[in-house]
Amino acid sequence: MAFVERVFSGVQPTGNLHLGNYLGAIVNFVKLQETHNCIYCVVDMHAITMPTDVWGGPAELARNTREVTAAFIAAGIDPKKHIVFNQSQVSGHAELAWIFNCVARMGWLNRMTQFKEKAGKDRENASVGIFDYPVLMAADILLYRATHVPVGDDQKQHLELSRDIAQKFNNDFGDSIRNNGFNDGLYFPLPEPLITGPATRVMSLRDGTKKMSKSDASDNSRINLTDDADTIAQKIRKAKTDPEPLPTEEKGLEPRPEADNLVGIYAALAGVSKQAVLKDFGGGQFSSFKNALVDVCVAKLSPIAAEMKKLVADPGHVDAILVDGANRARAIADETMRRTKDIVGFIRQA
Ligand code: TYM
């Protein structure tokens, strides 16, 4: 069966939205609006998989949920034409995750590198939720039978797991899927990751071998979407580099993670290729390149920060957007849950 193309993606409301989230994910969310029906979700249920002190407790969670919503809108997502909502308002996410818990295998989840990183050494003390995180992610996507998922490079393994879950569900329930009118025995699509652009993995400004991350203890390691122009300039000027001038060819970036990262960031912000950046700055010193990088970064991010500020100052408006989005998401989700329950054999009110 040819599935209707639909885009789904999510961002966790865990604070410190940064340039990596913007270039690796949100920029692509904005672009895909032109070609697809899109659903963008603030995944508050994923946020609470970490200890409370990491996501900050109830007041902080609500504040961060509104802030991610504001970032979506400020970056150019249209919540009227597409759907923007927070995950916990649509109960189907949790319901479908339970069914998928019975499809996914322990061995699959044991292989997830992000679990290993996040749980750290003290596995006994990790929440069951953080282990189950990728199953909830599969439920998020497949609740809308989404076919395309724009994400950063770090989510690739989770997307592969979503495909495995979809495939195993289709296999395990193949006869029932056919009996329910899907003659090819396929109820869930195998969602495709869209990992595109020159900045699918933005690295820390302090260490070019580490991913830029919300949870890095050093605020200088990342550019936050809420940083003002002076802070952006300071962070870029302090960013780690090496003593050589910039190379003239892309190949010259390979053994130089910090140079590669800064050139990638410039390319993504300016909407050009890395080679084009090197054509302008190759052979020159980092100091003049960094000045140009500050300019392009401030030009792109300042209007977004200003709009975010306006939006979060009006929480009632943001909440109304989320409620409206959730109502429209629920209509799609309820249909999937009805079908899924019939396929599994759960009795329900007709
Ligand atoms: P989160 O909130 O950690 O990240 C949100 C998005 O930002 C991307 N990203 C990056 N991209 C490039 N460079 C970086 N340094 C960088 N850091 C983060 C992430 O890849 C992601 O696309 N598990 C998801 C949230 C989620 C989800 C889903 C995504 C929950 N359900 C369903 C897609 C579909 C996550 O990592 O969020």
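The values are calculated or read from the model by the stated rules, or taken from the named source; none is laboratory data. Predicted model, so just to flag it, every value in this text is computed and none were measured. With ideal geometry, Cβ positions are generated from the backbone for all residues, glycine too; neighbour counts draw on all protein chains shown. Note: areas computed on protein heavy atoms with side chains; ligands, DNA, RNA excluded. Shrake-Rupley method; radii C 1.70, N 1.55, O 1.52, S 1.80 Å.
Note on segment 305-332: residues that are in contact with a Ser or Thr (Cβ under 8 Å, 6 or more places away or on another chain) and surrounded by fewer than 16 Cβ atoms within 10 Å (Cβ to Cβ) total 1.
Every listed requirement among (1) away from the ligand (no atom under 15 Å from the Cβ); (2) of a type in the set (Val, Ile, Thr); (3) surrounded by 14 or more Cβ atoms within 10 Å (Cβ to Cβ) is met by Val7 save one, (1).
Mind checking whether some residue in segment 186-196 is modelled with pLDDT of 95 or more, open to solvent by 80 Å² or more (accessible area, probe 1.4 Å) and assigned by TED's automatic domain parsing to the domain that holds Val30? Yes: one or more hits.
Helices (runs of 4 or more DSSP H) wholly in segment 30-121 with at least 2 residues that are open to solvent by 10 Å² or more (accessible area, probe 1.4 Å), under 30 Å from Phe173 (Cα atoms) and polar (S, T, N, Q) - which ones? Reasoning before the result, please.
Numbers: elements: 44-47, 52-55, 58-75, 92-101, 106-110, 113-119.
Result: 113-119.
Scanning segment 150-161 for residues that are in a helix (DSSP H, G or I) and either closer than 17 Å to His93 by Cβ or near the ligand (Cβ under 8 Å from one of its atoms) (or both) turns up Asp153, Asp154, Gln155, His158, Leu159, Leu161. Among the residues of segment 269-288, are any over 12 Å from Pro198 (Cα atoms), hydroxyl-bearing (Ser, Thr, Tyr) and not assigned by TED's automatic domain parsing to the domain that holds Glu60? Yes, some residue in segment 269-288 is over 12 Å from Pro198 (Cα atoms), hydroxyl-bearing (Ser, Thr, Tyr) and not assigned by TED's automatic domain parsing to the domain that holds Glu60. From the residues in segment 122-136 that are among the acidic types (Asp, Glu) and open to solvent by 50 Å² or more (accessible area, probe 1.4 Å), which one is nearest to the ligand (Cβ to nearest atom)? Selected residue: Asp122. Filtering Arg338, Arg328 for residues that are in contact (Cβ under 8 Å) with a residue 60 or more places away in the chain and in a helix (DSSP H, G or I) leaves a single hit, Arg328. So is Ala199 surrounded by fewer than 17 Cβ atoms within 10 Å (Cβ to Cβ) and closer than 23 Å to Leu23 by Cα or not? Judged against the criteria, Ala199 is not a match. Evaluated against (1) of a type in the set (Lys, Arg); (2) open to solvent by less than 60 Å² (accessible area, probe 1.4 Å); (3) under 30 Å from Gln275 (Cα atoms), Arg145 falls short on exactly one condition, (3). Name, by its number, the condition in (1) within 14 Å of the ligand (Cβ to nearest atom); (2) outside the structural domain of Ala138 (by TED's automatic domain parsing); (3) surrounded by 15 or more Cβ atoms within 10 Å (Cβ to Cβ) that does not hold for Asp227. All conditions pass for Asp227, except number (1). Screening segment 10-29 for residues that are part of a loop (DSSP other than H, G, I, E, B) and open to solvent by 20 Å² or more (accessible area, probe 1.4 Å) and picking the one that is modelled with the lowest pLDDT gives Asn16.
Only residues that are in contact (Cβ under 8 Å) with a residue 60 or more places away in the chain and more than 7 Å from the ligand (Cβ to nearest atom): list them for segment 137-149, please.
First, pick out the residues of segment 137-149 that are in contact (Cβ under 8 Å) with a residue 60 or more places away in the chain: 137, 140-149.
Correct list: Leu142, Leu143, Tyr144, Arg145, Ala146, Thr147, His148.
Just wondering, is there one or more residues in segment 334-346 that are among the aromatic types (Phe, Trp, Tyr) and open to solvent by 40 Å² or more (accessible area, probe 1.4 Å)? Within segment 334-346, one or more residues are among the aromatic types (Phe, Trp, Tyr) and open to solvent by 40 Å² or more (accessible area, probe 1.4 Å). The residues of segment 202-224 that are more than 12 Å from the ligand (Cβ to nearest atom) and closer than 19 Å to Val298 by Cβ, listed by number, are Asp219, Asn220, Asn224. Total residues in segment 202-224 satisfying the condition of being over 30 Å from Ala166 (Cα atoms), touching a helix residue (DSSP H, G or I) at 6+ places or on another chain (Cβ under 7 Å) and open to solvent by less than 30 Å² (accessible area, probe 1.4 Å): the figure is 7.
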